[in-house]
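K.L.:
Below you'll find the structure I mean.
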Amino acid sequence: MRKSILNLTAAIGFAVLGFSQSAFAGTITRTGPNGNTGTTTRSVSNGQQTTTRTGPYGNTGTTTRSVGY
């Protein structure tokens, strides 16, 4: 009984983790008061989260970090 509950708990935990990983992904565009826009793109793959920011003049910055399981 305890082993089956533990297995069920682990399965639910991994399912929630999988859904939350995809929740990190996406693109956000912000527009400032002068019409300038900045874009942030986030992706998650193989335990790595990559964030790329593009400023209004085309300058970019990228950060990568490990996403723990």
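The values are calculated or read from the model by the stated rules, or taken from the named source; none is laboratory data. None of the values given here were measured: they were computed from a predicted structure. Positions of Cβ are generated from backbone atoms using ideal geometry, with glycine treated the same way; all protein chains shown enter the neighbour counts.
K.L.:
Can you find even one residue in the range 48-59 that is outside any loop (DSSP other than H, G, I, E, B) and at pLDDT below 90? Working first, answer last.
P.N.:
From the range 48-59, those outside any loop (DSSP other than H, G, I, E, B) are 48-54; that's our starting set.
Pick out the ones that are also at pLDDT below 90 and you get 48-49.
Yes, the range 48-59 has at least one match.
K.L.:
Between a residue in the range 38-57 that is over 11 Å from Gly26 (Cα atoms) and any residue that is aliphatic (A, V, I, L, M) and loosely packed, with under 15 Cβ neighbours inside 10 Å, which pairs come within a Cβ distance under 6 Å, given they are 6 or more apart or on different chains?
P.N.:
Gly47/Val67; Gln49/Val67
K.L.:
So, one more: If Tyr69 satisfies every condition in (1) modelled with pLDDT of 85 or more; (2) in contact with a Gly (Cβ under 7 Å, 6 or more places away or on another chain); (3) in a loop (DSSP other than H, G, I, E, B) but one, which is the exception?
P.N.:
(1)
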